[in-house]
Structure formats: structure tokens, C-alpha cells
1. How many of the residues making up segment 14-61 are under 24 Å from Gly118 (Cβ atoms) and surrounded by 14 or more Cβ atoms within 10 Å (Cβ to Cβ)?
2. Can Ser64 be described as farther than 20 Å from Ala169 by Cβ and exposed (fewer than 15 other Cβ atoms within 10 Å of the Cβ)?
3. Go through (1) surrounded by fewer than 17 Cβ atoms within 10 Å (Cβ to Cβ); (2) in a helix (DSSP H, G or I); (3) modelled with pLDDT under 85 one by one and return the number of the condition Gly87 breaks.
4. Suppose the filter is closer than 30 Å to Leu25 by Cβ, part of a helix (DSSP H, G or I) and touching a residue at least 12 places away in the same chain (Cβ under 8 Å); does Ala155 pass it?
5. Is it fair to say Ile68 is part of a helix (DSSP H, G or I), hydrophobic (A, V, I, L, M, F, W, C) and in contact (Cβ under 8 Å) with a residue 24 or more places away in the chain?
6. Out of Ser106, Ser45, report the one residue that is part of a helix (DSSP H, G or I), closer than 30 Å to Leu147 by Cα and modelled with pLDDT of 85 or more.
Amino acid sequence: MHKKNKKVTQGDTEERAKPSLLQMLKSFPVTVHALLFFTLAIRLSYFMAWPFIAVIMTKNYHMSPIAIGLAMTSSALFSVVLGMYGGQISDRLGRRVILLLGCAFSAIGYIILSQASGMALFIIGLMIIGVSFAWVDPPLRALMSDLLGDRRRRALALQIRYYLVNVAAVFGPLVIPPKNRCVHK
């Protein structure tokens, strides 16, 4: 009897060894799935609220578009600058501590925004929300990296996270209950 000899190239063995996208997703720990889901939920709500913050600043505090832009941009810049230190602080104090502090800052910031009686307090609320993102995003990415040992799964999780943030940025402002939408007659 004749056995057929097939030439197996290195490319063929690499293709067989690579898990599919679905297999890689299934291999993620439950914590990573939860982090990805909550990234989408948090960013969706953030981008849902952001346009209304500009409207509130215009109607309640009679701020000019330039002043609104400066206030909102300074919150984002504050977040970026503190984000550089958020990862370092989470390395020293632990990821969970910084993530919990970031979530607490977020809750405090949104409570201040909802209760603000003046423009200064409203802007302080925006700055605190900037701190919360600075103290949530870098430790969250680091925690996902810690939980996913190999480079391919880690890269996939971070790409999915980036994709979900972009999806939230696109659909967040569109997710408004129908009774609250402005209808021009």
C-alpha cells in the first residue's frame, strides 16, 4: 500500500496553529469580557451626555460657544495629562484601587454636574469627570494586559476596546429617548 506523502510547509503549520477569532474571544477571561462591556456602556453614556452638557452651559449659564469649548476642552486635556500618571499610580497602588477611585470620581463629578447651581461648580464637575477618565482608562488597559498573557490575545482585546470606544462615540449622541428629541415644525 502506498501512503501519500504531502509536503507540509511551515506556513501550513502556522495556519493550523492560529486560533480563529471566535476561539480567541472564547479564551478571554470573564473579567476581560466584563471590562469590554463596561467600556462600551461607560463611553456610550459619556458621549450621550456630552452634547447635553453644552446645551446646559448655553441655556443655564449663558456661556458663549468659545467659553463652552474651552471648559470642555480643558476637561479633556486635564484627563490626558493625568492619564499619563494614572498608569504609574495604578502600578504602585494597584489597579483595583485606582479603578475604584476613578469610578468614585466619576460618580462625584456627575453628581456635582446635576446639582451645580453656578458655572464654577459645573466646571469643577467637568474637571472631576476628566480625572475619572484619567484614572480609569490606563489602569483598565493595563488590567486587560495583565489578564491576557500572550501578545495576540492582548492586542485583540485592546483593538476591540478601541473599536467599542469609537462605536460609543458614534452612537452615544444618537441614543436619545424619542420624547426628548427636538422636532422642528
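1. 9
2. yes
3. Result: Gly87 fails condition (1) only.
4. In short, no.
5. The answer is no for Ile68.
6. Ser106
The values are calculated or read from the model by the stated rules, or taken from the named source; none is laboratory data. Note that the structure is predicted; figures quoted are calculated from it, not measured. Virtual Cβ from ideal backbone geometry, glycine too; neighbours counted across all protein chains shown.
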